[in-house]
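Below: one structure, written as structure tokens.
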Amino acid sequence: MSVGSGMGISGFTAGFAADQKLTSQVHEIVGRINGRFGTLIAIPIHHLDRSLDFHALCALYAVTDVALVTSLRDGMNLMSYEFVACQASKKGVLILSEFAGAAQSLGAGAILVNPWNIIEVAASIAYALNMPADEREKRHQHNFMHVTTHTSQEWAATFVSELNDTIVEAQLTTRQVPPLLPMKEAVDHYLESNNRLLILME
């Protein structure tokens, strides 16, 4: 990738520095929590600061009880969809930021939170971990139905169908357009007639 200006380089450097600072803060917080609440046989937080291959990621999704997505500003957030798709047997609970794009489609089955409200997020985590089985089932089924029916194939089929409908409507509209008025013939008839009625329409 080429950078077009010095401003671009400085912006990239600043962004990298901010990411490094955030990563350092996360490591520090994880270490503090594990040091306080961890034991020789149990660690509260397993922090995976690396990328995972698709099968390993799906395996983690499948065994997860609660997925927490706290985006402050986001697009569609496919992670939410992947989690729901992998939860056919576990029926895990999705806690989703109300600022995530996926909140518009998965919000009815997820627990929506304001990520800036730490108390609300903490309470939602506790509620999700202790949620009754019937409610977990109901929430999961709602989101699972949406994920499995709103696929890329379904979107493509719907798009093509609506495009064809638009073409047909345009053709019908074109056929209904009246022919151009033969001006010379109309003027001749107008001059020869005794009774004249002129109707102006916009």
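Listing for the model above:
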read-out: Square roots of 5 times each gyration tensor eigenvalue, C-alpha, the chain, largest first, Å; value: 60, 26, 17
read-out: Peptide ranges 110-121, 178-189 listed from the most packed, as the mean C-beta count within 10 angstrom indicates; value: 110-121, 178-189
read-out: Accessible surface of segment 43-92, 1.4 Å probe, proportion on carbon and sulfur as whole %; value: 60 percent
read-out: Helix axis angle, 183-192 relative to the chain longest principal axis, alpha carbon, degrees; value: 40 degrees
read-out: Residue-normalised accessible area of the chain, expressed per residue, 1.4 Å probe, Å²; value: 77 Å²
read-out: The chain: angle of helix 118-129 to the longest principal axis, Cα-based, in degrees nearest 10; value: 80 degrees
read-out: Estimated vicinal HN-Hα couplings, Hz - segment 54-62 in sequence order (Karplus 6.51, -1.76, 1.60; Gly, Pro = x); value: 4, 5, 5, 5, 4, 5, 5, 4, 5
read-out: Contour excess over end-to-end distance, with Cα ends at TRP155 and ALA122 and 0.36 nm allotted per residue; value: 8.3 nm
read-out: Rh by Kirkwood over Cα pairs, then Stokes-Einstein D for segment 16-55 at 1.567 mPa s and 4 °C, µm²/s; value: 111 µm²/s
read-out: Helical contribution to [θ] at 222 nm, DSSP H n ≥ 4, -39,500 (n - 2.57), averaged over the chain, rounded to 500; value: -19000 deg cm²/dmol
read-out: Computed lengthening from LYS138 to ASN34, 0.36 nm per intervening residue step minus Cα-Cα distance; value: 34.1 nm
read-out: Rg ratio (alpha-carbon, reference 2.2 N^0.38 Å) - segment 116-202; value: 2.66
read-out: Order by protection proxy (mean Cβ within 10 Å, highest first), peptides 43-55, 84-96, 145-157; value: 84-96, 145-157, 43-55
read-out: Whichever aspartates and glutamates have a C-alpha closer than 12 Å to that of LYS91, once near sequence neighbours (fewer than 8 apart) are set aside; value: ASP65, ASP134, GLU135, GLU137
read-out: Folded to 0 to 90 degrees: helix 152-176 orientation relative to the chain principal axis, Cα; value: 10 degrees
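The values are calculated or read from the model by the stated rules, or taken from the named source; none is laboratory data. Quick caveat: nothing in here was measured; it's all calculated off a predicted structure. Positions of Cβ are backbone-derived with ideal geometry, glycine not excepted, and every protein chain shown enters the neighbour counts. For the accessible areas, the whole protein counts, side chains as well, though only heavy atoms, and no ligand, DNA or RNA atoms are used. Shrake-Rupley method; radii C 1.70, N 1.55, O 1.52, S 1.80 Å.
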